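Take a look at the structure set out below.
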Amino acid sequence: MKQALRLAVAALCFSLLSLATAAAQDQYTEGTVERVTLVHILPGHFNAFMDDVKNNIKPIWDAEKIAGLIEGYQVFFNQTKASIDDWDIGISLTYKNMAALDGLGMKVLDLRMKQYGDKSKEQQVIDKRVENGRQVASYLIRNVTMK
């Protein structure tokens, strides 16, 4: 009798767990994926940072969008800084899904070389870029639509 009761309770628990798992998977639909990077701009370097974004980075994002590698990008400001060293500007690149990230580095390499000419010129721009700001955080997020 005790064995049958234990078996029945175990079956009930398993059934409830299965239902909870199934319900949890049915709460949302997966959407786009975003790489969000938060940057602290060093004092006095805002204009140089923005010029770099406009002249060196934005053309690559535009080329990635035309090539279908990204769906879009956003640049946004932090309006509620918690400290003087908190991030100032955020950048978000939107990808269709996680699969869009597969092999992305090699896909973007040609676009970068069209922008900079060669790797040594690109490195010079990157070396200058680190004088203007530092990365505070970088996140990969998944957008979901609630059902």
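The values are calculated or read from the model by the stated rules, or taken from the named source; none is laboratory data. In this text the structure is predicted, and so the values were computed from the model without any measurement. Quick reminder, even Gly has a Cβ in these numbers, built from the backbone with ideal geometry, and neighbours come from all protein chains shown.
Quick rundown of the values:
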{"item": "Positions within region 1-29 being among the charged types (D, E, K, R) and either modelled with pLDDT of 95 or more or more than 28 Å from VAL144 (Cα to Cα) (or both), in sequence order", "result": "LYS2, ARG6"}
{"item": "Count of region 68-108 residues which are acidic (Asp, Glu), more than 18 Å from GLN135 (Cβ to Cβ) and crowded, with 16+ Cβ neighbours inside 10 Å", "result": "1"}
{"item": "Residue check for ARG134: touching a residue at least 12 places away in the same chain (Cβ under 8 Å), surrounded by 15 or more Cβ atoms within 10 Å (Cβ to Cβ) and either charged (D, E, K, R) or under 18 Å from ALA48 (Cα atoms) (or both)", "result": "no"}
